[in-house]
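The values are calculated or read from the model by the stated rules, or taken from the named source; none is laboratory data. Keep in mind that this is a model prediction, so the values were computed, not measured. Every residue, glycine as well, gets a Cβ built from its backbone with ideal geometry; the counts of neighbours run over all protein chains shown.
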């Protein structure tokens, strides 16, 4: 014999679990000075790790090539949290300047959604998807010397009806 109402309770629990899995972690819940170990314990294994010129490092938590969220946690040389933020925002994109090293772009934005080569211009284009009211992405041109040549916003090809992506 089953209890009346068990199916609605099961569905409610299932939906709550699914929505909880979709929620983006809040980088603001980590206090400045938190240890690398405490961040990794809460967030899990990082999708990438980048060395900073000052001896510190950054841990990246990216949502993949079609994701529009990348959390970056920057630590000093002692392994203490300096800051944690969503990297894929126009504020962060606008900090990318010609002449920056590609390694600085990775520290600022994390890994790109896609990279493709423009042979004629002798550069690679790194593209970043992000939340926007428009279907666009941010692109960074990186020259053969590993320095930023230029950057721009453009339409994301995934939104095109004819897109092979």
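Tell me which residues, restricted to segment 55-66, are part of a loop (DSSP other than H, G, I, E, B) and under 17 Å from residue 27 (Cα atoms).
Restricting attention to segment 55-66, the residues satisfying the condition of being part of a loop (DSSP other than H, G, I, E, B) are 55-56, 63-66.
Residue satisfying the conditions is 63 alone.
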Item to complete: Determine whether segment 125-142 contains at least one residue that is in contact with a helix residue (DSSP H, G or I) (Cβ under 7 Å, 6 or more places away or on another chain) and assigned to a loop (DSSP other than H, G, I, E, B).
Response: yes
Discussion item. For segment 106-128, check the following and say yes or no: at least one residue is under 18 Å from residue 91 (Cβ atoms), modelled with pLDDT under 95 and surrounded by fewer than 19 Cβ atoms within 10 Å (Cβ to Cβ).
Written reply: no
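Would it be correct to say that residue 18 is farther than 30 Å from residue 100 by Cα, at pLDDT below 55 and part of a loop (DSSP other than H, G, I, E, B)?
Working: farther than 30 Å from residue 100 by Cα: yes; at pLDDT below 55: yes; part of a loop (DSSP other than H, G, I, E, B): no.
So residue 18 fails the test.
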Fill in: Number of the condition not met by residue 46 [criteria: (1) modelled with pLDDT of 95 or more; (2) out of contact with any helix residue (DSSP H, G or I) (no Cβ under 8 Å at 6 or more places or on another chain); (3) assigned to a loop (DSSP other than H, G, I, E, B)]
(2)
Worksheet item: Looking at segment 73-88, which of its residues are free of Cβ contacts under 8 Å to residues at least 40 places away in the same chain and touching a helix residue (DSSP H, G or I) at 6+ places or on another chain (Cβ under 8 Å)?
Response: 74, 75, 87
Worksheet item: Somewhere in segment 51-65, is a residue modelled with pLDDT under 95, within 15 Å of the chain's Cα centre (by Cα) and over 24 Å from residue 150 (Cβ atoms)?
Response: yes
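Would you say residue 3 is at pLDDT below 95, touching a strand residue (DSSP E or B) at 6+ places or on another chain (Cβ under 7 Å) and either over 27 Å from residue 105 (Cβ atoms) or not in a helix (DSSP H, G or I) (or both)?
Numbers: at pLDDT below 95: yes; touching a strand residue (DSSP E or B) at 6+ places or on another chain (Cβ under 7 Å): no; either over 27 Å from residue 105 (Cβ atoms) or not in a helix (DSSP H, G or I) (or both): yes.
Against the criterion (at pLDDT below 95, touching a strand residue (DSSP E or B) at 6+ places or on another chain (Cβ under 7 Å) and either over 27 Å from residue 105 (Cβ atoms) or not in a helix (DSSP H, G or I) (or both)), residue 3 does not qualify.
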